[in-house]
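Undergrad: Once you've had a glance at the structure underneath, I'll fire off some questions.
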Amino acid sequence: MGQKTFNALMERGFDSETANRLEKAGYTLSSLTTLDDNELISLNISEELIDIIRDEKRPAIPSETMNKVLFESRYTCCVCRDRSGGIIVHHIKKYSESHSHDEDNLVVLCPNDHGEAHTKRELQQNLTPERLRDFKQRWLERVKQYDNREALSANPEYSYESINQIADSVAIATAPVMSLQFADHENRQELGNSMKLSSIAYGEPLTPLPDTQVMQWRDIGKSGLSIGTPEPLIRPDYWREKEEYIRLTSLLRPVAFVIHNQSSTLVQGARVEIIGSSSGGITVRDQLPDKPAYRLIDVIPPNIYADRLSLQRQTEVVYHSSQWTLTVHFGKVQPKSSVWADEPFYIGSSAEKSLELEAIIYADNLPDPQKVKLTIEFEIENRRSLTIDDL
């Protein structure tokens, strides 16, 4: 990788496989500039790169900076960490906007992830500049830890056992690389790291609704008199439960996740955890409430209800006072694959706002938890409290 043509092409945005192929074919930067556009295109050189090498519309990355970036990354894509393919040095913030070849604006990617960095999803880029910086930082930390292991191995003062004891807490270069997105669990559609939710927010009753009328009045035919006969099968809490049912099902909207394993390593016991607060009108549930029964005879027997609760859920929400914890279990995630959450969670807000969340990805063989920033924009239609006449 030390050849002059190879370096010159890499500094101008070529991927390593193309640069190596052109060098082995005997081309130099000067000879390429003498070819016409059709000849360059026949060599699988993009129009953007043709403009760069022919007209120098973008100055080359300084050799010293290029070599440092490649060496620090060990010529490896920081996203997938797969060394079997080529690499390309990518500008985190486009050069046309940043005009910067600074080291902190450069990142090493494989051609596939380079394409992802330039691909826009429905709501946002898949590999945003923020995510690229995070991937780069975590990969450089792994490289340093891996180098420490190699340095220990070269030191005769350390035995094989002591090296492994020290390295047990150090992640090797094949550690899993995970990412997370919102998803439509029914249509298997990825929604990016931000989404919009629209719902109706009814005000809570200012005073508790009264018990359901449990007396049925019957005309006894004497001077217009009526007597009341009890209806013991009617549930006295029916109005209150129906009001809560309508209020929550109008407010809460389903949200799911899809998790990606971008590495070549099997992920064991993957789960996602989000901790939030109910202050500010946020409500989170792992399932919608059941429609209330009007008669006692229609209520689910306690033993059946308990059995249903005891079933293992993939998605769980637990409240601790005003704080809630959402946990989504994904289990095993095969290399280079995705797992979709089968169960959504439900979230709503009583006021329009932008909710910032931090999801943390855990796994049994993930050395460090990975953090993902998520945003939900709430669009709310506020309505007055429900009365018995509304119900």
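Undergrad: Label 7 Å along Cα→Cβ of residue 84; the range 325-359 residues with amide nitrogen under 19 Å?
TA: Under cut-off, by backbone N: 333-338.
Undergrad: Sorted by accessible area (1.4 Å probe), largest first, how do 90, 320 line up?
TA: Order by accessible area, largest first: 320, 90.
Undergrad: On to the next question. Under a crude label model (7 Å from the Cα following the beta-carbon direction), how far is residue 93 from residue 354 in nanometres?
TA: 1.8
Undergrad: Need one number: nm distance between label points at residue 134 and residue 313, each 7 Å from Cα along Cα→Cβ, rounded to one decimal.
TA: 2.6
Undergrad: Ranked by accessible surface with a 1.4 Å probe, highest first, in what order do 362, 319, 238 come?
TA: 319, 362, 238
Undergrad: Still on this structure, please answer the following. Please compute the modelled spin-label separation between residue 334 and residue 38, points set 7 Å along Cα→Cβ, answer in nm with one decimal.
TA: 4.6
Undergrad: When a/c is below 1.5 the answer is rounded, else prolate if a/b is larger than b/c, else oblate, so apply that to the range 57-120 with a ≥ b ≥ c taken from the square roots of the Cα gyration tensor eigenvalues.
TA: Since a/c reaches 1.5 but b/c is at least a/b, the shape of the range 57-120 is classed as oblate.
Undergrad: How high is the FRET efficiency from residue 198 to residue 364, r the C-beta distance, R0 56 Å, rounded to 0.05?
TA: My answer for the efficiency is 0.90.
Undergrad: Shifting gears a bit: Please compute the length gained on full extension between residue 275 and residue 371, using 0.36 nm multiplied by the number of residues separating them and subtracting their Cα-Cα distance.
TA: 33.3 nm
The values are calculated or read from the model by the stated rules, or taken from the named source; none is laboratory data. Just so it is clear, the structure is predicted and the values come from calculations on it, not from any experiment. Every residue, glycine as well, gets a Cβ built from its backbone with ideal geometry; the counts of neighbours run over all protein chains shown. Heavy atoms of the whole protein, side chains included, go into the accessibility calculation; ligands, DNA and RNA do not. Shrake-Rupley method; radii C 1.70, N 1.55, O 1.52, S 1.80 Å.
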